[in-house]
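Every number in this text was worked out from the coordinates using simple rules, so none of it is lab data. Just so you know, these numbers come straight off a predicted model, no measurement behind them. Here the Cβ is made from the backbone with ideal geometry for all residues, glycine too, and neighbour counts use every protein chain on show.
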Amino acid sequence: MEKMHLFKTLFVLLILSSVQIRAQKKPNVIVFLVDDLGYKDLGYTGSLFYETPNIDKIANEGVIFNNGYSAASNCAPSRACLLSGQNTPRHGIYTVKSSERGNSKSRKIIPIPNTLVLPNRVQSLGDLFKSHGYRTISLGKWHVGDSPLTQGFDENIAGCEMGNPGRNGYFSPYNVPLESKIENEYLTDRLTSEAISFIDRNQQNPFFIYLSYYSVHSPLITKRDLLEKYTHKTKSPGQANANYAGMIETVDNNMGKLLKALKQTGVLENTMIIFTSDNGGVRKTSHQDPLRSGKGSYYEGGIRVPFFIYWKGTILGQRKSSLPVVNMDIYATCKDLVDDNSSQVCDGRSLLPLILKDKELPIRPLFWHFPIYLESHVGKDDQARDVLFRTRPGTVVRYGDWKLHYYYEDNAMELYNLASDIGETNDLKDQYPEKCLELYTMIKDWRNNLDAPIPVKQNPDYSTVFERNLIKNRTSKL
């Protein structure tokens with residue numbers, strides 16, 4: 001009897017030890033980032049034209065953030081914010097290339113100069129995970145420097161300074177630094193196969209994958225069978241581009257491949273997947289109605305994006321949160337996950353209490369600072385403030401349901417209540433001057449805390465007559 005009791009005791013201790021070892025194993029993390037994917041470009045967010053069954057399935061098994069935001073309205077600054085956890089004034093990346101966009105004679109003030117490269121002094125997500133013993137890989141679009149290898153990534157597949165794959169670049173031979181393996185290979189498929197290979201090689205190691213597709217950025221080009229499929233499918237208002245639809249389905253198919261690989265290698269339940277887009281959708285390609293405008297704008301269509309976290313068996317899934325979150329929270333969440341105590345300032349906050357314990361997080365203000373110009377692509381259909389620019393220099397704050405746009409050219413404000421007016425069509429600044437003052441005070445205090453640069457110098461090239469005539473000319477052509 002004593003031997004039997006001893007055997008049972010040892011068996012229980014062995015089981016407990018095994019459970020403890022599994023519990024202590026570091027979780028893998030995958031950031032699944034799609035380029036220029038609009039808020040309404042997925043099935044679970046309301047599209048009736050695009051088909052995304054794999055993404056919809058895991059979104060609905062995870063935590064969906066209905067008020068998910070990018071930290072900037074176009075590629076490079078948003079990615080810099082995601083990778084660093086820091087808002088634009090800290091790293092100085094506000095746009096792609098020059099901040100002096102559009103005709104100089106129509107710019108009243110001189111924009112703040114733009115930074116093109118995320119400094120190596122900044123601890124990126126790659127650095128963060130590498131310092132905690134993770135194997136790290138960046139696949140696809142980098143766009144904040146020449147290579148992710150200087151930012152803590154062990155491997156780089158196709159990442160460089162390019163913001164899109166170039167002419168015909170989705171099919172091999174590629175324009176990005178990547179040798180094709182098979183003829184007429186599709187870039188999104190290849191990036192996923194490289195990610196799966198990385199998983200196969202690192203089943204016994206904790207890993208971090210930054211899977212940053214060039215899709216669905218232009219040039220819009222898809223596979224022949226998908227083009228045929230969506231050409232003949234019933235269109236939705238504002239969503240009718242067959243090439244774009246095929247690109248979205250290809251991204252979705254590759255999400256399915258990735259999940260299958262995680263399951264087959266036995267690491268799915270130890271892997272947290274964070275899904276989002278780098279900015280809002282391109283208005284001329286896909287409408288996000290009722291959200292106003294699109295990429296390049298700081299109305300909702302330019303910065304609100306799909307955002308969910310999936311972790312099979314660990315987080316309490318099938319939840320939808322209305323809490324406003326921003327992609328800088330990804331860095332803070334990962335920092336919390338690995339129990340990192342480094343001193344780098346992080347402007348996001350960890351979402352782990354919410355996704356792991358369903359703990360309610362307090363409302364906080366979210367800020368977007370864009371002391372620059374971004375020219376219009378399609379005039380009035382951009383749904384911007386005017387037909388010349390998608391963005392004029394300004395700062396935006398969202399606090400609760402309220403959102404204030406402040407512009408530096410003329411000190412103008414626009415105030416919206418997103419609970420009743422998600423399309424930002426009814427400017428309430430005259431009805432609620434005290435709310436404008438409250439939110440503008442938040443902006444001023446935030447700018448001071450971050451020492452955010454403010455464009456104040458007048459542009460000597462500016463001409464009121466030229467700008468007025470240019471607006472009149474473009475408006476007449478609409």
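If you take the C-alpha gyration tensor of segment 367-476, multiply each eigenvalue by 5 and take the square root, what semi-axes do you get, largest first, in whole Å? Mind dumping the intermediate values first?
Numbers: eigenvalues 127, 73, 28 Å².
Those come to 25, 19, 12 Å.
Going by C-beta contacts inside 10 Å, put F275, F49 in order with the fewest on the left. Walk me through the intermediate numbers first.
Numbers: F275 25, F49 22.
Starting with the residue having the fewest Cβ neighbours, the order is F49, F275.
Averaged across orientations, what area in nm² does the convex hull of the alpha carbons in segment 69-149 project? Write out the running numbers ahead of the final one.
On the way: hull surface 25.5 nm².
Approximately 6.4 nm², given one-decimal rounding.
How big is the antiparallel share of DSSP beta bridges in the chain, given as a percent to the nearest 5? Mind dumping the intermediate values first?
Details: 28 of 54 bridges.
Looking only at bridges with both residues in the chain, the antiparallel portion is about 50 percent.
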What is the order of C334, C81, fewest Cβ neighbours within 10 Å to most? C334, C81
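About the Cα centre of segment 324-384, what is the dipole size in debye to 20, counting +1 per Lys and Arg Cβ and -1 per Asp and Glu Cβ, all else neutral?
Details: 6 positive and 10 negative charges, 36 e Å.
Value, rounded to 20: 180 debye.
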Among P206, P324, P365, the residue whose Cα sits farthest towards the positive end of the charge dipole of the chain, when +1 is placed on the Cβ of each Lys and Arg and -1 on the Cβ of each Asp and Glu, is P206
What ranking of E183, E51 emerges when the number of other C-beta atoms within 10 Å of each C-beta is taken as an exposure proxy, fewest first? E183, E51
What fraction, in whole percent, of alpha-carbon pairs in segment 202-310 exceed 20 Å separation? 52 percent
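Give the whole-number value, in cubic angstrom per residue, of the convex hull volume spanned by the C-alpha atoms of the chain.
Working: hull volume 80.1 nm³, N = 478.
Residue-normalised Cα hull volume stands at 168 Å³.
Charges at C-beta only: +1 for Lys and Arg, -1 for Asp and Glu. How large is the resulting dipole of the chain about its Cα centre, in Debye rounded to 20?
On the way: 58 positive and 52 negative charges, 32 e Å.
For the chain, the charge dipole is close to 160 debye.
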